[in-house]
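Reading through the structure tokens given below for one structure.
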Amino acid sequence: MKTSAQKALFALVESFFLNYLPRQRGASPHTTRAYRDTLKLLFQFVAQRRGKEMVGLLLEDLDGDTIACFLDHLERDRANSTATRNYRRAALRSFFKHLLRNDLDNALRYTRVLALPAKRAQQKPVVYLEAIDVRAIIGKPDRRTNEGCRDHTLLLFLYNSAARVSEATGMLWRDLQLTPPCEVRLRGKGRKERIVPIWRETTEALRRLRKLSDAADHEHVFLNRHNQPLTRDGVAYILEKYVGSASCERPTLGRVRITPHVFRHSAAVALLQSGTDVTVIRDYLGHSSIVTTNRYISTNLKMRRDAIETFWQHAGIETIKDKPWKPKQDLLSFLQSL
């Protein structure tokens, strides 16, 4: 039979997921699942560390040293990146804030957990494709077949809208307006919605896809061969297939790992190169902060080259005009005599 201490931990975990996250924070199912997975990993780690079953865990088992060891365990034993470690830490902070609000007797223990700092992660350059490479990939599907038509429309839509994979796979036909002004309503992180205009080519491709008999009576736009909504893995498989095909003509495509999110990065960089204001790009991508969007400025090598060329022109420094070197006749005669 459970002790009162064991019941207290279970009751707080239950109220966190059934009351706090959905009712007070309005968390999405995706966020709830992410937090669930983090706590499952934590409880498994603590149970093994304490040498007891998970059902026997107590609130007293969740102290600052244990949580710090758990975060190190994620990197060392599970080979998680620093970014993933920090994501797990953010989920734990939300849970321990809930504990702090509901269990003031152990406030000091929870405060020590909340004081654990995030680990500094090295910011890697954003991977993106130039427009010519994206066009090469989008042009590979055989649009004479139903599957090729779907794949072409999917790739074109991902690039046009800069949508996340979850936004594209969850898109419904009622989210689209295929008459002028043509646009799509995307549902992003945190249940935030945004409206994105779509090109005429994308609109025509979507209209063709809509006419396919297999998809006519289904809510979701992008379906697999079983008339079920495409999954994240399904989209990644489709993209990988056409990247492999396009890399035969453009070998540079085979040097980097191209995921659906790379299409999103590529759209952002293309917008930036076209002179679009960064605040407009932020809203286009659905970023909550301009800081996230600013990554593309530091990544874009073309803009760096253009900036340095403009700087050189405005600096007013004259280019030294050296006369081209020409070999003398006697030197040529010498070389020919060897």
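Tabulated data
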{"item": "Surrounding net charge for Lys192, when Lys and Arg each add one and Asp and Glu each subtract one, Cβ distance under 13 Å", "result": "+4"}
{"item": "Burial ordering of Cys182, Cys69, Cys248, fewest other beta-carbon atoms within 10 Å first", "result": "Cys248, Cys69, Cys182"}
{"item": "Under-5 Å amide H pairs with Leu223, H placed in peptide plane, nonlocal only", "result": "Leu230"}
{"item": "Residues His218, His265, sorted so that the one with the fewest Cβ neighbours within 10 Å comes first", "result": "His218, His265"}
{"item": "Centroid-to-centroid separation of the range 120-151 and the range 168-240 [C-alpha atoms, Å]", "result": "16"}
{"item": "Dipole magnitude of the range 4-114 about its Cα centre (Cβ charges: Lys, Arg +1; Asp, Glu -1), debye to nearest 20", "result": "380"}
{"item": "Violating pairs (Cα-Cα greater than 28 angstrom) within the set Lys140/Lys192; Lys40/Lys97; Lys7/Lys192; Lys192/Lys241; Lys52/Lys97", "result": "Lys140/Lys192; Lys7/Lys192; Lys192/Lys241"}
{"item": "Cβ-based exposure ranking for Leu158, Leu223, Leu178, in which fewest neighbours within 10 Å come first", "result": "Leu178, Leu223, Leu158"}
{"item": "Cα-based equivalent ellipsoid of the range 131-302: semi-axis lengths in Å, sorted from largest, via gyration tensor", "result": "25, 21, 14"}
{"item": "Extension gain from Cys69 to His220, taking 0.36 nm per residue of separation minus the Cα-Cα distance", "result": "50.0 nm"}
{"item": "The range 49-97: C-alpha gyration tensor shape, a/c 1.5 cut-off, then a/b vs b/c", "result": "oblate"}
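Each value in this text was obtained by applying a stated rule to the coordinates, not by laboratory testing. Remember, predicted model here, so these are calculated numbers, not experimental data. Please note: Cβ atoms are built from the backbone with ideal geometry, for glycine as well, and neighbour counts cover all protein chains shown.
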